[in-house]
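This report refers to the structure that appears directly beneath it.
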Amino acid sequence: MRPQSVAGYPGRLRVQSVVLGNFEVAAPASPLLDRDVDVLLVATKATQLEHALELAPPERVGEAVVVPLLNGVDHVELLRTHYRNVVGAAIRVESERTASGVIEQKSPFVRLDLAGAEEVQTALRDAGLDCRGRDDEPTLLWEKLVFLAPVALATTAFDSPLGAVREDPSFVACREEAATAARAAGATVDLDPIRAQHEAAPAAMQSSMQKDVAAGREPELAAIAGPIVRLGAEHGFPTAATVSLVERVRARSHEPVRNP
């Protein structure tokens, strides 16, 4: 944790979870990784990743399995320039820290996909999480982004829950653009299950980007929209819906207009 967060941290996490129930657990905290570990879960915001790398020096991480649970796709290669054993991974969940040491998990699902690291998969399943092993890392990463991009961008652009935006033409077009980008990146993404997941997700669901903007924090536009727009420019397919949603988000967050 950041030093200022450690100062007010009670030393325990209180979890209120739709999937795992309510419980408390002791969880020591430090402003710097100061011991050997078997697994390093990287769960920062994409906007905070560069700073977070300073908190876990490569020589301390060593051969530990690094499991990144960030939004987007570009972070995996960045992490591989720092650490020896990075496993492609993705998490689908709605959760947030509501106070120091208090975590609320609201979605009826917590799903993790890992491209390897079978022992880590087993540990996550033993903890009660839906964890699935995958062979195709690009598809694993892009499946999440194709699901997430329209949800994050549209809920934030219109400041509305998922149920109010998932039939909007910009939401549907953004999903199509993300799928086209996925294919351009070499991923094999089937849109039918993703459409079904969008329909099945709770209507009241809010994205973390929406919550970030409401709280005055920087949205993860580069991580979530950036790869779609970049690949559109490289491969010559339109990304107008994604760009339009990005512009709306920037207007709401008072960010300067620039490329995602």
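In segment 91-102, the residues that are within 22 Å of residue 120 (Cα to Cα) and assigned by TED's automatic domain parsing to the domain that holds residue 7 form Cβ pairs under 7 Å with partners that are part of a loop (DSSP other than H, G, I, E, B) and not hydrophobic (A, V, I, L, M, F, W, C), at six or more places apart or across chains, as follows: 93/107; 94/106; 94/107; 95/106. Restricting attention to segment 29-46, which residues are under 21 Å from residue 121 (Cα atoms), touching a Gly at 6+ places or on another chain (Cβ under 8 Å) and either surrounded by 14 or more Cβ atoms within 10 Å (Cβ to Cβ) or not charged (D, E, K, R) (or both)? Passing the criteria: none in range. Only one entry of 175, 217 meets the criterion of being on the phi < 0 side of the Ramachandran plot, assigned to a loop (DSSP other than H, G, I, E, B) and charged (D, E, K, R), and that entry is 217.
Within the span defined as segment 224-242, every residue fails to be under 24 Å from residue 108 (Cβ atoms) and either assigned to a loop (DSSP other than H, G, I, E, B) or acidic (Asp, Glu) (or both). Among the residues of segment 92-111, those that are under 23 Å from residue 200 (Cα atoms) and surrounded by fewer than 21 Cβ atoms within 10 Å (Cβ to Cβ) comprise 92, 93, 95, 96, 104, 105, 106, 107, 108, 109, 111. Apart from one condition, residue 63 fits all of (1) among the charged types (D, E, K, R); (2) closer than 27 Å to residue 4 by Cα; (3) assigned to a loop (DSSP other than H, G, I, E, B); the exception is (2). Scanning segment 135-152 for residues that are touching a residue at least 40 places away in the same chain (Cβ under 8 Å) and either among the charged types (D, E, K, R) or assigned to a loop (DSSP other than H, G, I, E, B) (or both) yields 136, 137, 143, 144. The set of residues from segment 66-84 being assigned to a loop (DSSP other than H, G, I, E, B), surrounded by 13 or more Cβ atoms within 10 Å (Cβ to Cβ) and not aliphatic (A, V, I, L, M) comprises 71, 72, 74, 82, 83. Total residues in segment 51-90 satisfying the condition of being free of Cβ contacts under 8 Å to residues at least 40 places away in the same chain and at negative phi: the figure is 25.
In segment 155-169, the residues that are touching a residue at least 60 places away in the same chain (Cβ under 8 Å) and surrounded by 15 or more Cβ atoms within 10 Å (Cβ to Cβ) form Cβ pairs under 6 Å with partners that are of a type in the set (D, E, K, R) and in a helix (DSSP H, G or I), at six or more places apart or across chains, as follows: 157/248. Within segment 1-28, being part of a loop (DSSP other than H, G, I, E, B), out of contact with any strand residue (DSSP E or B) (no Cβ under 9 Å at 6 or more places or on another chain) and exposed (fewer than 14 other Cβ atoms within 10 Å of the Cβ) holds for 2, 8, 28. Might you check whether a residue that is at pLDDT 90 or above and under 25 Å from residue 89 (Cα atoms) occurs anywhere in segment 4-13? So far as segment 4-13 goes, yes, one or more of its residues are at pLDDT 90 or above and under 25 Å from residue 89 (Cα atoms).
Looking across 107, 170, 160, one residue alone is at pLDDT 95 or above and in a loop (DSSP other than H, G, I, E, B). It is 160.
The values are calculated or read from the model by the stated rules, or taken from the named source; none is laboratory data. Since we're looking at a predicted model, the values are computed, not measured. Note that each Cβ is placed from the backbone with ideal geometry, even for glycine, and that neighbours are counted across all protein chains shown.
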